[in-house]
There are 2 protein chains.
Amino acid sequence: MSSKPTLHTVLSPRLLDIYDMPNSIVVIIDVFRATSTIATALYNGAGRIIPVDSVNKCIELGKLTGGITAGERDGKVIEGLAHGNSPAEYPRSFIEGKTLVLTTTNGTKLLHMALNNGASEIVTGSFPNLSAVCEHLLSAGKNVILGCSAWKDRFNLEDTLFAGAVIHNIKKYFTIHCDSSLMAEDIYNLHKDDIYSFIRNTTHWHRLASYGLEADLEYCVTADVANILPIYRNGDLVAHNR
Amino acid sequence: MSSKPTLHTVLSPRLLDIYDMPNSIVVIIDVFRATSTIATALYNGAGRIIPVDSVNKCIELGKLTGGITAGERDGKVIEGLAHGNSPAEYPRSFIEGKTLVLTTTNGTKLLHMALNNGASEIVTGSFPNLSAVCEHLLSAGKNVILGCSAWKDRFNLEDTLFAGAVIHNIKKYFTIHCDSSLMAEDIYNLHKDDIYSFIRNTTHWHRLASYGLEADLEYCVTADVANILPIYRNGDLVAHNR
């Protein structure tokens, strides 16, 4: 009998509650762009990021904490908030030591669902912090759920691609009886050498590139450029072991 | 602007209602084994197949219609029913001219969901009737939803593989802005030349092969061996144009 921990991939928030949260580390994945921006802001020295699921709560917590409010809809900063979802907006010169209050459509929603389903631990992942995620999952030795945020509950390729990258790196240390994970690794292996051209085929690329975000999107699929582990603690995402 | 109809792939029954049913032909896909068995029984001359979502309804309709009751759980015929889910149980010598009342875990459930969501037309597909499905979708010229039955709402590879096969054959006649469809075609292209070995990696194979169903499962991924189009009409699945 195998004593390896299990690994599952969840392709849409709507499928999350099928899986066993309380015994698992859940990795929230929202490559375009929430979890890429979260890694980047913490890597560049943000003190903490407060993920919130509504614009009103974002404004309210911004006032309460003195934090920077951020959120976009359709590629534009939401009225009443100060900044957007782009990782490029959060260089060290701007974000170091500050609190970021962030609302996003898909990633924040999945994070709160994982929390409400009693996840044992929540971290966030995207290509900019791929290695940090893999190292943490290997050293923790617990069951893993790779949670794709998807787009309005629809499956998306970029989150699946990242799940596949994680699986590709750590699979031999896990028991994987999960077709979503087998598929994700297939997709990653098929496209790992042409990621920049592959993402141009995704529906999300077409949605966001029309707002002039090509460079942003390419950054979001570049490995280890903000290699830190965001971990959820008492309402905040903070850098693990800093 | 393109005037081609759209094509979407739905990876789990839980995601079905995201999509626009009333203007679409929905293809119900349950490769292991409901829609493979449905194609086979109709190809071998069954008069009609009544798909039902409970064992009690199966028994009741069996009595009412004089039909053959069929259904399995965990690879065994359900108590109170006469036959199982295997396509091999329905040769012409047995099924010709008869009514089959069939209950299955995943495929029947998705069919009734599509019906309740107002699908414009419902057909069923699996590898044994791949060409018949493709030809029908091409000649109908309507929007298409490829509905994967999945396994207890979890994504599965074999239904996705069939969706990919359909997409591979008909994509140039449709507008496809759907990451699930792009993924499905990738998976099909990656494995179309090694389907028999590929399906041995799926979780469903491991579940069913332990019941000695290997030959059954290989049949279910063999193209065009029961090339007929099952179409839903007033409670029955019947052969289209027969």
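The values are calculated or read from the model by the stated rules, or taken from the named source; none is laboratory data. Nothing here was measured: the structure is a model prediction, and the numbers come from that model. When we count neighbours, we look across all protein chains shown, and the Cβ atoms used for this are built from the backbone with ideal geometry, even at glycine.
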request  = Could you pull out the residue among A:Thr124, A:Thr105 that is under 14 Å from the mean Cα position of the chain (by Cα) and part of a loop (DSSP other than H, G, I, E, B)?
outcome  = A:Thr105
query = assigned to a strand (DSSP E or B) and either under 18 Å from the mean Cα position of the chain (by Cα) or away from chain B (no Cβ under 14 Å) (or both): does that describe A:Val133?
reply = no
message = Return the residues of the range B:191-242 that are within 14 Å of chain A (Cβ to nearest Cβ), surrounded by 19 or more Cβ atoms within 10 Å (Cβ to Cβ) and either assigned to a loop (DSSP other than H, G, I, E, B) or within 14 Å of the chain's Cα centre (by Cα) (or both); say none if nothing qualifies.
response = B:Thr202
inquiry  = For the range A:125-137, check the following and say yes or no: at least one residue is under 25 Å from B:Val10 (Cβ atoms) and surrounded by 17 or more Cβ atoms within 10 Å (Cβ to Cβ).
reply    = no
In the range B:1-52, residue surrounded by the fewest Cβ atoms within 10 Å (Cβ to Cβ) [restricted to those that are among the hydrophobic types (A, V, I, L, M, F, W, C) and part of a loop (DSSP other than H, G, I, E, B)] = B:Met1
inquiry  = Regarding the range B:210-229, can at least one residue be identified that is in contact with a strand residue (DSSP E or B) (Cβ under 8 Å, 6 or more places away or on another chain), at pLDDT 95 or above and of a type in the set (A, V, I, L, M)?
reply    = yes
key: The one condition in (1) part of a loop (DSSP other than H, G, I, E, B); (2) closer than 19 Å to B:Ile231 by Cβ; (3) touching a helix residue (DSSP H, G or I) at 6+ places or on another chain (Cβ under 6 Å) that B:Gly97 fails to fulfil   = (3)
note = Per the filter on the range B:148-190, residues touching a Pro at 6+ places or on another chain (Cβ under 8 Å) and assigned to a strand (DSSP E or B) are B:Thr175
query = Does A:Phe94 qualify as being more than 14 Å from every other protein chain (Cβ to nearest Cβ) and aromatic (Phe, Trp, Tyr)?
reply = yes
Residues (of a type in the set (A, V, I, L, M) and either on the phi > 0 side of the Ramachandran plot or within 9 Å of chain B (Cβ to nearest Cβ) (or both)) located in the range A:161-183 = A:Leu182, A:Met183
query = Here is a list of conditions, (1) within 14 Å of chain B (Cβ to nearest Cβ); (2) in contact with a Gly (Cβ under 7 Å, 6 or more places away or on another chain); (3) not β-branched (Val, Ile, Thr), and A:Leu110 meets all of them except one; can you say which number that is?
reply = (1)
query = Looking at (1) in contact with a helix residue (DSSP H, G or I) (Cβ under 6 Å, 6 or more places away or on another chain); (2) over 23 Å from B:Leu161 (Cα atoms), can you tell me which one B:Thr35 breaks?
reply = (2)
ask   = Mind checking which residues of the range B:109-124 are of a type in the set (S, T, N, Q) and crowded, with 24+ Cβ neighbours inside 10 Å?
value = B:Thr124
ask   = Within the bounds of the range A:37-54, is there any residue that is modelled with pLDDT under 95 and within 14 Å of another protein chain (Cβ to nearest Cβ)?
value = no
message = Quick check on my filter: what residues within the range A:134-161 are in contact with a Leu (Cβ under 8 Å, 6 or more places away or on another chain) and of a type in the set (Lys, Arg)?
response = A:Arg154
ask   = Got a sec? Which of A:Leu15, A:Leu11 is closer than 23 Å to B:Leu16 by Cβ and touching a residue at least 60 places away in the same chain (Cβ under 8 Å)?
value = A:Leu11
key: Residue tally, condition of a type outside the set (Gly, Ala, Ser) and at pLDDT below 95, over the range A:1-16   = 1
task = Those residues that are closer than 29 Å to B:Arg200 by Cα and among the polar types (S, T, N, Q), I need them from the range B:119-159; list them, please.
result = B:Thr124, B:Ser126, B:Asn129, B:Ser131, B:Ser149, B:Asn156
message = Please verify whether A:Asn143 is closer than 23 Å to A:Glu121 by Cα and either touching a helix residue (DSSP H, G or I) at 6+ places or on another chain (Cβ under 9 Å) or more than 13 Å from chain B (Cβ to nearest Cβ) (or both), treating the condition exactly as stated.
response = yes
note = Note on B:Asp153: of the conditions (1) in contact with a Lys or Arg (Cβ under 6 Å, 6 or more places away or on another chain); (2) more than 12 Å from chain A (Cβ to nearest Cβ), unmet is (2)
